[in-house]
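The values are calculated or read from the model by the stated rules, or taken from the named source; none is laboratory data. It should be emphasised that the depicted structure is a prediction, and the values quoted were computed from it without experimental measurement. Cβ sites come from the backbone with ideal geometry, for glycine too, and all protein chains shown count toward neighbours. Surface areas here come from the heavy atoms of the whole protein model, side chains and all, with no ligands, DNA or RNA. Shrake-Rupley method; radii C 1.70, N 1.55, O 1.52, S 1.80 Å.
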Amino acid sequence: MQLNTTPSCFSEYDVLKRVILCQPQYMTIRQVINETQKKFVKEGLHIERALEEHREFVQKLNEYGVETILLPYHKKYPEQVFTRDIGFTLGETIFVAQMAHDVRIGEENVLKVWLEDEEISYYNLIGNKIEGGDVIIDRDTIYIGLSNRTNEAAVDHLRKLLGYQFDVKAISFTEKYLHLDCVFNVLSPEVALIYPDALTKEDLELLSSRYDLIEVTEEEQFTLGTNVLNIGNKTIFSLPVNEKVNQKMRDKGFEVIEIDYSEIIKSGGSFRCSTLPVLREEESGR
């Protein structure tokens, strides 16, 4: 049976069928752009180790029936492994982001070339800074983090583009945490991960009224405990080091696949950061 290649994504937890990644061939901390990199800039990154971690991740995705697309890597883009930020799929539209930081500007053009080669239409968000790590979708609700990578003008732009189809909610958080998915992530219609210290009281009240919140500790926030990837059927990729949050997810009925990603997270991103979903399909019988 031929795979449906039409973009579609209405949640963070439907069955992942097609996803875009990029090998960390030239990953390096060329310019410190987040708190994690500050800690590891002197130590540097071990490329062979990072490549092996990424290969294992891709292989495991394939084992679970996910089609993985690997974008070409370029030496001038040291952050390319984090494909989540260069675009995002909302509903049946792929939006190409406008990168906020100099060291990442241009990565989105590699995505556009692939989309054009595949004859997949997209909307290019020009003029407002926005990155996909700040965009989280849950059916008719889209949460967008306000950070130093995503501004209010971009949120307003998306509201106008999406019209009445989605309720777009801006979520403020402490900027040092980089992207919204580093402090909040939706696991299912009922459950979400959260690092409460980073969010406002008002947003915490909103999210706690909608979800059963699994709180992540300060230590596990630093090791990106919220930055997990749900591939559907309550199956989640998470780091083995985040033992507490992994156990809490298992207690809620999730299957947790633990893969070592310790070299790649030194640059500030984990499994969600490394994946740009193009197609998710609702579970049968849901």
Within the range 226-267, the count of residues that are touching a residue at least 40 places away in the same chain (Cβ under 8 Å), small (Gly, Ala, Ser) and either touching a strand residue (DSSP E or B) at 6+ places or on another chain (Cβ under 9 Å) or closer than 15 Å to ILE214 by Cα (or both) comes to 1
Against the definition (open to solvent by 10 Å² or more (accessible area, probe 1.4 Å) and among the β-branched types (Val, Ile, Thr)), how does ILE236 come out, yes or no? no
Restricting to the range 242-264, give me the number of residues that are under 19 Å from the mean Cα position of the chain (by Cα) and under 14 Å from THR223 (Cβ atoms). 10
Which numbered condition trips up PHE173, out of (1) touching a Ser or Thr at 6+ places or on another chain (Cβ under 6 Å); (2) under 16 Å from VAL135 (Cα atoms)? (1)
Selection within the range 136-173 - in a helix (DSSP H, G or I), surrounded by fewer than 19 Cβ atoms within 10 Å (Cβ to Cβ) and within 18 Å of the chain's Cα centre (by Cα): none
Cross-chain or 6+ apart pairs with Cβ under 6 Å, the range 93-109 first and under 22 Å from PRO7 (Cα atoms), then of a type in the set (Phe, Trp, Tyr): THR93/TYR123; ILE94/TYR122; PHE95/PHE88; PHE95/TYR123; VAL96/TYR122; GLU107/TYR77
Look through LYS201, LYS176 and report the one residue that is closer than 28 Å to GLU220 by Cβ, open to solvent by 40 Å² or more (accessible area, probe 1.4 Å) and free of Cβ contacts under 8 Å to residues at least 12 places away in the same chain. LYS201
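State yes or no: is GLY163 closer than 26 Å to VAL278 by Cα and modelled with pLDDT under 95?
When the stated conditions are applied, GLY163 passes them.
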Please tell me if LEU206 is of a type outside the set (Val, Ile, Thr), farther than 30 Å from GLU108 by Cα, assigned to a strand (DSSP E or B) and open to solvent by 20 Å² or more (accessible area, probe 1.4 Å). no
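For every residue, the table says whether it meets (1) at pLDDT below 95; (2) in contact with a helix residue (DSSP H, G or I) (Cβ under 6 Å, 6 or more places away or on another chain); (3) charged (D, E, K, R).
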position: TYR122; (1), (2), (3): no, yes, no
position: GLY127; (1), (2), (3): yes, no, no
position: ILE130; (1), (2), (3): yes, yes, no
position: ILE144; (1), (2), (3): no, yes, no
position: SER147; (1), (2), (3): yes, yes, no
position: ASN151; (1), (2), (3): yes, no, no
One residue is enough: does the range 64-79 have a residue meeting the conditions surrounded by 15 or more Cβ atoms within 10 Å (Cβ to Cβ), charged (D, E, K, R), part of a loop (DSSP other than H, G, I, E, B) and touching a residue at least 40 places away in the same chain (Cβ under 8 Å)? yes
